[in-house]
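Worksheet: the structure to be examined is printed underneath.
Please treat every number below as a calculation from the coordinates, not as lab data. Source: prediction; values computed, not measured. Neighbour counts are summed over all protein chains in view; Cβ atoms, including those assigned to glycine, are modelled from backbone coordinates with ideal geometry.
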Amino acid sequence: MPTEIVTALIALIGSLGGTFGGIVVSSKLTNYRIEQLEKKVEKHNSVIDRVYKLERADEVEDEKIKVINHRIDDLEQYHKNN
């Protein structure tokens, strides 16, 4: 086999190996970054859920305060009339 063909085959094998190696490394990096983003999104969603629950609890407490204030007003009116 001529030397040129052997050299070309070696160069081809090296090029293919480098190309596939680069693809594998790039794929691993992309997967790692996606995993990190998924973790950040999960933390964000957790915070959103907690804030929603806190807002809901705050609404309930506000309603309780309104009811208590109304009852106090009723008692004051009752006490004034008696």
| request: Give the residue from I34, I23, V47 lying farthest towards the positive end of the charge dipole for the chain; charges sit on Cβ (+1 for Lys and Arg, -1 for Asp and Glu) and the dipole is referred to the Cα centre. | output: I23
| request: Could you tell me the convex hull volume per residue, in Å³, taken over the Cα atoms of the chain? | output: 44 Å³
| task | Can you tell me the dipole magnitude for the chain around its Cα centre, using point charges on the Cβ only (Lys, Arg +1; Asp, Glu -1), in Debye to the nearest 20? | result | 320 debye
| request: Excluding residues fewer than 8 places away in the same chain, name every one of the aspartates and glutamates whose C-alpha is closer than 14 Å to that of K66. | output: D58, D74
| task | Springs between alpha-carbon atoms under 10 Å, Gaussian network over the chain: tell me which of K39, K28, K66 tops the mean-square fluctuations. | result | K66
| What is the helix-to-structure angle for 3-81, meaning the angle in degrees between its Cα long axis and the longest Cα principal axis of the chain, kept from 0 to 90 and rounded to the nearest 10? | 0 degrees
| Whichever lysines have a C-alpha closer than 24 Å to that of K40, once near sequence neighbours (fewer than 8 apart) are set aside | K28, K53
